[in-house]
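Visitor: The structure is given below, and queries will be raised subsequently.
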Amino acid sequence: MATQLDLDSLCINTIRTLSIDAVQAANSGHPGTPMALAPLVYTIWNRVLRFDPKDPIWPNRDRFVLSNGHASMLLWSVLHLTGTQAVNADYENIGQPSVTLDDIRRFRQFGSKAPGHPEYHWVSGVEATTGPLGQGIATSVGMAIAERWLAERYNRADLEIFRYDIYAVCGDGCLMEGVGAEAASLAGHLGLDNLCWVYDNNHITIEGSTAITFTENVAARFLAYGWNVLHVRDANDLDRIEDALCVFRQTKDRPTLIILDSHIGYGSPNKQDTSAAHGEPLGDDEVRLVKRAYGWPEEAKFLVPEGVREHFAAGVGARGGQAHARWNELLAAYRAKHPDLAAEIEQMQRRDLPGGWDRDLPVFPADPKGLAGRDASGKVLNVLAQNVPWLLGGSADLGPSNKTTLLYKGAGDVQAASPGGKNLHFGVREHAMGAILNGLSLSKLRPFGATFFIFSDYMRPAIRLSALMELPTIFVFTHDAMGDGEDGSTHQPIEQLASMRAVPGLTVLRPGDANEVVEAYRYVMQLRHRPAALVLSRQPLPTLDRSRYAAAAGVSRGAYALADAPGGDPQVILIATGSEVSLAVAAHEKLVTTGIRSRVVSMPSWDIFERETQAYRDSVLPPEVTARVAIEQASTFGWDRYVGSGGQVIGMHTFGASAPLRALQQEFGFTVDKVLAAAQMQLRRTQA
Ligand SMILES: Cc1ncc(C[n+]2csc(CCOP(=O)(O)OP(=O)(O)O)c2C)c(N)n1
Ligand SMILES: [Mg+2]
């Protein structure tokens, strides 16, 4: 009969050797950190975590985020050994294990559920995609804000529906990256005592000892952020690790950082404590030596000894299963007493929208002076946030400029003492904001976050991850082109539209007037597995007369024929987005008076348009009409796909400049005359 101690080390060495064997078989990967952190991950999972392997998306589970994603074998090992089940994109249990031993044998191979780094939505049980260092810990702050928010809104006396903790494991890299610092600062400010980061203090990164790069006092830094800081000096001491986790759970009003001193490549006679253990296989000879040091059969590969799976079942399996069963009873009682709130929770979990979500959305009357994209957006958000209880968001200190502040009575701010507010204040921390939005979205809230479009560059890695994770995060970007005039070239986006459009799966919308803004939000709200970037003007844009031009509902198809000459049958097509739509319309009106059959295509979204049928796309952009002009105050990069090699693009080839908007429009050629000249040139070219 194995003792508890034997079973602990048997489980830990199973995680270690699975990791070693997988990296060896793949001939790539990171063995050293799993070897060092197996005891930590084992202790969190088997002694503390409230996670039900039979239902990895149970809403009240504790979250485990592996921010040092290169150590992914830790996660594949525990997901396998706990028998965690797989769910599909519709949140149904598909009756299969999430990670099989065969997946681990095929670590890093095509189609394996044990890819190089943790990938949310590809492998059930992964709470966040990690690998770009710092993103996981920053995302975990969003998860912690979400737990607070959910508890505040839904918990009732004796009916605590939401009460869970968020654990994130990180290394030196995560703590060197700025995004981690931004997020830690906000977490301290908000007093997120449901958040625990464990820092793998191994003094090693790829280039060697951290003595060459990272000598700050991490503990002092986190104390200054307002965190509780604990130190465990031996990564193999399960009881001390458990004690520290216990202190975390008892600590109020502060997040906890546990600094864990560890030895990368633990047990490897020749590679322990060196960067050689970080990112390459140990090699067959060293593997044998390591296994001997662990007391493991030297020739065994991918060995899961008898008793290991059972021990995980008796630990995390039993604890999670019981907690989940109690929660189901609680939810039943809750549903009986608070049916409306229970229905909300269920809708939210499926990423469905509540009935009446688009009630009272504004319809803007025609108005030549018009409204700024950001102002229309503000009005829409204030309606949507009242219709959709779990829609919340804010700005990176630009709320008054982005017009994203929720102003209706009772909207409230998210602060330590008021975690259930609807207005988040991210501070001047765009990168963390992006990651935090993803954490909120992973928790099934519907978050939006705003800044100037130019600063999308400061959060691009998180935007990319939202697309990779297929999260319906909403990014609101205002000051989308030269409209901020006097701020000058540092604030005028040029290449940002092209670069956002290049992100696979990100829906980018640049609406052309206030009603297109409404339709853009209507479209975005219905996305369940896709992030969106709304690109909005600072300056007023004329509100088009929709009795004269096509309905703004065309936004939902990405592009639509907004204006045609009488009888249609266009000779020349003007394609425009955002602030340039009204310019195209003005030019079109002039062309029509001179007898030229022009068409204006409003194209707020390339990617939506590209998912339309060929027949629809050809109806908007008839292939035989090759006289085409695209107009957009941004890099021309990519527009040739719509205007063809002979078409013309009126766009930006340089950075902007500091001047009033009107002067910039003249200088850079965004005038009716320029559009007319381009259209006439196109007609001459195609009719020659
Ligand atoms: C943003 C980012 N930059 C660089 C890398 C490449 N990279 C992967 S691991 C690593 C070193 C990380 O060191 P540490 O976090 O201490 O991990 P350890 O080797 O101790 O496990 C680097 C630079 C990355 N994954 N993400
Ligand atoms: Mg390290």
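The values are calculated or read from the model by the stated rules, or taken from the named source; none is laboratory data. For clarity, every value in this text was computed on a predicted model and none was experimentally measured. With ideal geometry, Cβ positions are generated from the backbone for all residues, glycine too; neighbour counts draw on all protein chains shown. The accessibility values were calculated without ligands, DNA or RNA, using every heavy atom of the protein model including side chains. Shrake-Rupley method; radii C 1.70, N 1.55, O 1.52, S 1.80 Å.
Visitor: Would you be able to tell me the number of residues in the range 193-219 that are part of a loop (DSSP other than H, G, I, E, B), open to solvent by less than 20 Å² (accessible area, probe 1.4 Å) and within 9 Å of ligand 2 (Cβ to nearest atom)?
Guide: Qualifying residue count, the range 193-219: 1.
Visitor: Taking the residues in the range 18-51 that are within 13 Å of ligand 1 (Cβ to nearest atom) and more than 14 Å from Ser72 (Cβ to Cβ) as candidates, determine which candidate is surrounded by the fewest Cβ atoms within 10 Å (Cβ to Cβ).
Guide: Leu40
Visitor: Report whether or not Ser395 is buried (at least 23 other Cβ atoms within 10 Å of the Cβ) and of a type in the set (S, T, N, Q).
Guide: Working: buried (at least 23 other Cβ atoms within 10 Å of the Cβ): yes; of a type in the set (S, T, N, Q): yes.
Judged against the criteria, Ser395 is a match.
Visitor: Can you pull out every residue in the range 135-173 that is out of contact with any strand residue (DSSP E or B) (no Cβ under 8 Å at 6 or more places or on another chain) and crowded, with 23+ Cβ neighbours inside 10 Å?
Guide: Result: Gln135, Ala138, Ala146, Leu150.
Visitor: Just give me the residues in the range 174-183 being surrounded by 22 or more Cβ atoms within 10 Å (Cβ to Cβ) and either away from ligand 2 (no atom under 16 Å from the Cβ) or not in a helix (DSSP H, G or I) (or both), in sequence order.
Guide: Kept after step one, since they are surrounded by 22 or more Cβ atoms within 10 Å (Cβ to Cβ), are these residues of the range 174-183: 174-175, 179-180, 182-183.
Within the range 174-183, Val179, Glu182, Ala183 qualify.
Visitor: Scan the range 333-341 and tell me whether some residue there is in a loop (DSSP other than H, G, I, E, B) and open to solvent by 20 Å² or more (accessible area, probe 1.4 Å).
Guide: In the first step, residues of the range 333-341 are kept if they are in a loop (DSSP other than H, G, I, E, B); the result is 338.
Remaining after also requiring open to solvent by 20 Å² or more (accessible area, probe 1.4 Å): 338.
Within the range 333-341 (the criterion being in a loop (DSSP other than H, G, I, E, B) and open to solvent by 20 Å² or more (accessible area, probe 1.4 Å)), the answer is yes, since at least one residue qualifies.
Visitor: What's the total number of residues in the range 249-277 that are over 16 Å from Asp200 (Cβ atoms) and assigned to a helix (DSSP H, G or I)?
Guide: 3
Visitor: Looking at the range 278-293, which of the residues that are on the phi < 0 side of the Ramachandran plot and assigned to a loop (DSSP other than H, G, I, E, B) is nearest to ligand 2 (Cβ to nearest atom)?
Guide: Initially, the range 278-293 is screened for residues on the phi < 0 side of the Ramachandran plot, giving 278-282, 284-293.
Checking which are assigned to a loop (DSSP other than H, G, I, E, B) leaves us with 278-282.
Details: His278: 8, Gly279: 11, Glu280: 15, Pro281: 18, Leu282: 17 Å.
So, considering only residues that are on the phi < 0 side of the Ramachandran plot and assigned to a loop (DSSP other than H, G, I, E, B), the one nearest to ligand 2 (Cβ to nearest atom) is His278.
Visitor: Being in contact (Cβ under 8 Å) with a residue 24 or more places away in the chain and assigned to a helix (DSSP H, G or I) is the filter here, so list the residues in the range 590-614 that pass it.
Guide: Initial filter on the range 590-614 (in contact (Cβ under 8 Å) with a residue 24 or more places away in the chain): 590-592, 596-612.
Result: Lys590, Leu591, Val592, Trp606, Asp607, Ile608, Phe609, Glu610.
Visitor: Just to check your reading of the model, which residue among Leu186, Leu223, Leu190 is away from ligand 2 (no atom under 16 Å from the Cβ), among the aliphatic types (A, V, I, L, M) and either farther than 23 Å from Arg249 by Cα or open to solvent by 40 Å² or more (accessible area, probe 1.4 Å) (or both)? Walk me through how you get there before you give the answer.
Guide: Numbers: Leu186 fails: either farther than 23 Å from Arg249 by Cα or open to solvent by 40 Å² or more (accessible area, probe 1.4 Å) (or both); Leu190 fails: either farther than 23 Å from Arg249 by Cα or open to solvent by 40 Å² or more (accessible area, probe 1.4 Å) (or both).
Exactly one of Leu186, Leu223, Leu190 is away from ligand 2 (no atom under 16 Å from the Cβ), among the aliphatic types (A, V, I, L, M) and either farther than 23 Å from Arg249 by Cα or open to solvent by 40 Å² or more (accessible area, probe 1.4 Å) (or both), namely Leu223.
Visitor: Going through the range 315-331 one residue at a time, which ones are hydrophobic (A, V, I, L, M, F, W, C) and either touching a residue at least 40 places away in the same chain (Cβ under 8 Å) or under 25 Å from Leu391 (Cα atoms) (or both)? Before the answer, list the steps.
Guide: Within the range 315-331, the first condition is being hydrophobic (A, V, I, L, M, F, W, C), and the residues that meet it are 316, 318, 323, 325, 327, 330-331.
The answer is Val316, Ala323, Trp327, Leu330, Leu331.
Visitor: Suppose the filter is open to solvent by less than 20 Å² (accessible area, probe 1.4 Å), within 16 Å of ligand 2 (Cβ to nearest atom), in contact (Cβ under 8 Å) with a residue 40 or more places away in the chain and on the phi > 0 side of the Ramachandran plot; does Gly125 pass it?
Guide: Numbers: open to solvent by less than 20 Å² (accessible area, probe 1.4 Å): yes; within 16 Å of ligand 2 (Cβ to nearest atom): no; in contact (Cβ under 8 Å) with a residue 40 or more places away in the chain: yes; on the phi > 0 side of the Ramachandran plot: yes.
Considered against the rule, which asks whether it is open to solvent by less than 20 Å² (accessible area, probe 1.4 Å), within 16 Å of ligand 2 (Cβ to nearest atom), in contact (Cβ under 8 Å) with a residue 40 or more places away in the chain and on the phi > 0 side of the Ramachandran plot, Gly125 comes out as no.
Visitor: Taking into account only those residues within the range 633-662 that are under 26 Å from Ala502 (Cβ atoms) and of a type in the set (Ser, Thr, Tyr), which is most open to solvent (accessible area, probe 1.4 Å)?
Guide: Ser645
Visitor: Oh, and also: Name the single residue, out of those in the range 226-239 being more than 16 Å from ligand 1 (Cβ to nearest atom) and not in a strand (DSSP E or B), that is least open to solvent (accessible area, probe 1.4 Å).
Guide: Trp227
Visitor: Could you check the range 55-72 and list, in sequence order, the residues that are farther than 16 Å from His324 by Cβ and either open to solvent by 10 Å² or more (accessible area, probe 1.4 Å) or within 16 Å of ligand 2 (Cβ to nearest atom) (or both)? Explain how you work it out, then say what you get.
Guide: Of the range 55-72, the ones farther than 16 Å from His324 by Cβ are 65-72.
Residues satisfying the conditions are Leu66, Ser67, Asn68, Gly69, His70, Ala71, Ser72.
Visitor: Now for a separate question. Considering each of Gly283, Gly320, Gly267 in turn, give the residue that is out of contact with any His (no Cβ under 8 Å at 6 or more places or on another chain), open to solvent by less than 50 Å² (accessible area, probe 1.4 Å) and closer than 30 Å to Gly188 by Cβ.
Guide: Details: Gly283 fails: closer than 30 Å to Gly188 by Cβ; Gly267 fails: closer than 30 Å to Gly188 by Cβ.
Gly320 is the lone residue from the list that is out of contact with any His (no Cβ under 8 Å at 6 or more places or on another chain), open to solvent by less than 50 Å² (accessible area, probe 1.4 Å) and closer than 30 Å to Gly188 by Cβ.
Visitor: Looking at (1) in contact (Cβ under 8 Å) with a residue 60 or more places away in the chain; (2) more than 16 Å from ligand 1 (Cβ to nearest atom), which one does Asp200 not meet, given that it meets all the others?
Guide: So the condition that Asp200 fails would be (2).
Visitor: Can you confirm whether Arg628 is touching a Pro at 6+ places or on another chain (Cβ under 6 Å) and surrounded by 15 or more Cβ atoms within 10 Å (Cβ to Cβ)? Spell out the reasoning first.
Guide: On the way: touching a Pro at 6+ places or on another chain (Cβ under 6 Å): no; surrounded by 15 or more Cβ atoms within 10 Å (Cβ to Cβ): yes.
Judged against the criteria, Arg628 is not a match.
Visitor: Among the residues of the range 342-388, which ones are within 29 Å of Val585 (Cα to Cα), under 23 Å from the mean Cα position of the chain (by Cα) and open to solvent by less than 20 Å² (accessible area, probe 1.4 Å)?
Guide: If the condition is that a residue be within 29 Å of Val585 (Cα to Cα), under 23 Å from the mean Cα position of the chain (by Cα) and open to solvent by less than 20 Å² (accessible area, probe 1.4 Å), then Ser377, Gly378, Val380, Leu381 are the ones that fit.
Visitor: Find the residue count for the range 151-173, including only residues that are more than 16 Å from ligand 2 (Cβ to nearest atom) and either of a type in the set (Val, Ile, Thr) or out of contact with any Pro (no Cβ under 9 Å at 6 or more places or on another chain) (or both). Even if it seems obvious, please write down each step before you answer.
Guide: Initial filter on the range 151-173 (more than 16 Å from ligand 2 (Cβ to nearest atom)): 151-167.
Narrowing further to those that are either of a type in the set (Val, Ile, Thr) or out of contact with any Pro (no Cβ under 9 Å at 6 or more places or on another chain) (or both): 154-161, 163, 165-167.
Within the range 151-173, residues that are more than 16 Å from ligand 2 (Cβ to nearest atom) and either of a type in the set (Val, Ile, Thr) or out of contact with any Pro (no Cβ under 9 Å at 6 or more places or on another chain) (or both) number 12.
Visitor: What number of residues within the range 395-448 are part of a helix (DSSP H, G or I) and within 18 Å of the chain's Cα centre (by Cα)?
Guide: Going residue by residue through the range 395-448, those that are part of a helix (DSSP H, G or I) are 399-402, 430-442.
From what's left, within 18 Å of the chain's Cα centre (by Cα): 430-442.
Here the count works out to 13.
Visitor: Report the residue count in the range 663-672 for those that are closer than 16 Å to Ile575 by Cα and either open to solvent by 30 Å² or more (accessible area, probe 1.4 Å) or not hydrophobic (A, V, I, L, M, F, W, C) (or both). Step through it out loud before you land on a result.
Guide: Let us first name the residues in the range 663-672 that are closer than 16 Å to Ile575 by Cα, namely 669-672.
Keeping just the survivors that are either open to solvent by 30 Å² or more (accessible area, probe 1.4 Å) or not hydrophobic (A, V, I, L, M, F, W, C) (or both) gives 669, 671-672.
Residues meeting the conditions: 3.
Visitor: Consider the range 75-122. How many of its residues are among the charged types (D, E, K, R) and either closer than 22 Å to Gly439 by Cα or surrounded by fewer than 14 Cβ atoms within 10 Å (Cβ to Cβ) (or both)?
Guide: As a first pass, look at the range 75-122 and keep what is among the charged types (D, E, K, R): 90, 92, 102-103, 105-106, 108, 113, 119.
Remaining after also requiring either closer than 22 Å to Gly439 by Cα or surrounded by fewer than 14 Cβ atoms within 10 Å (Cβ to Cβ) (or both): 90, 92, 102, 119.
The total comes to 4.
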